[in-house]
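Below is one structure, written out as structure tokens, with a few remarks after it.
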Amino acid sequence: MSNQSESETDDPARWWNEVYESETVSPWNTGKPQPALVNAVGSDGLSGRVLDVGCGTGTHALWAAAEGHTAVGIDFSKKGIEQARERVEKRGLDATFRVADALDVPTDIGTFDIVLDSGLFHAFQNEQREDYARELAGIVSVGGRVFLVGFAEGAPEDGGPNPLTPNDVSSAFTTEWNVLETQEVAFETNETSFPGLLSVVERI
């Protein structure tokens, strides 16, 4: 596995492939859905078609599928998607996975009612965050919601993420979006929990 962080390499997909190929378990790959996301979604309830964006090994898509919903996971890491497919095959759930870039979503992917983002948005630079919000606007149905959780100020910055503020979310999700909620939460890793930020954004 490379000693570089994702933010220090020109090929983040290759970096993540190395992470998933490594025998060392990534601190982000807990195998369990983020409690903050589960609680937020539980308040609203899952509905319709669900996208796990930046899905890694598919944890949140598998959770949505286990709740009885059709789920799709996308990630630009081929190795992460391979592991997600192995997991869904073992569990026999209604989830599919494909290699795709969240900043250039395939046009044939269809539309979604719910998007789950655990630790993707906080990996982007400012201009990428705006591109990301525009990409999601093209695939989220009107009235659909994005639930995102990432590192907040006070979390370590040496792993690649860019800690979020409420303004980071509202600045990216402007046209075609309405920020419904932003709150401080815990972001769980295999090592410990860090200060996190949860936002719920609605497509208008």
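Tabulated values for the structure
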item	result
GluC sites (Glu not before Pro) lying in DSSP loop within segment 81-178, provided at most 16 other Cβ fall within 10 Å	E153, E157, E176
Given charges at beta-carbon only (K, R positive; D, E negative), |dipole| of segment 56-204 in Debye	500
Radius 12 Å from Cβ of H69, net charge of other residues (Lys, Arg +1; Asp, Glu -1)	-3
Equivalent ellipsoid, the chain (semi-axes from 5 times Cα gyration tensor eigenvalues, Å)	22, 21, 17
Cα-centre dipole for segment 7-130 with unit charges at Cβ (Lys and Arg positive, Asp and Glu negative), debye to 20	480
Accessible-area order (highest first, 1.4 angstrom probe) of the listed residues H60, H69	H69, H60
Cβ-based charge dipole, segment 26-118, positive-most Cα from S47, Q83, G73	Q83
Farthest toward positive dipole pole in the chain [+1 Lys/Arg, -1 Asp/Glu at C-beta], among G92, T182, A133	G92
Kyte-Doolittle mean at least 0.5 and Cα axial length at least 27 Å: DSSP H helices in the chain	none
Charge tally in the Cβ shell below 12 Å around N167, where Lys, Arg are +1 and Asp, Glu are -1, N167 excluded	-1
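The values are calculated or read from the model by the stated rules, or taken from the named source; none is laboratory data. In this text, all values refer to a predicted model and were calculated from it rather than measured experimentally. Cβ coordinates were reconstructed from backbone atoms using ideal geometry, including for glycine residues, and neighbour counts include every protein chain displayed. Accessible surface areas use protein heavy atoms only, side chains included; no ligands, DNA or RNA. Shrake-Rupley method; radii C 1.70, N 1.55, O 1.52, S 1.80 Å.
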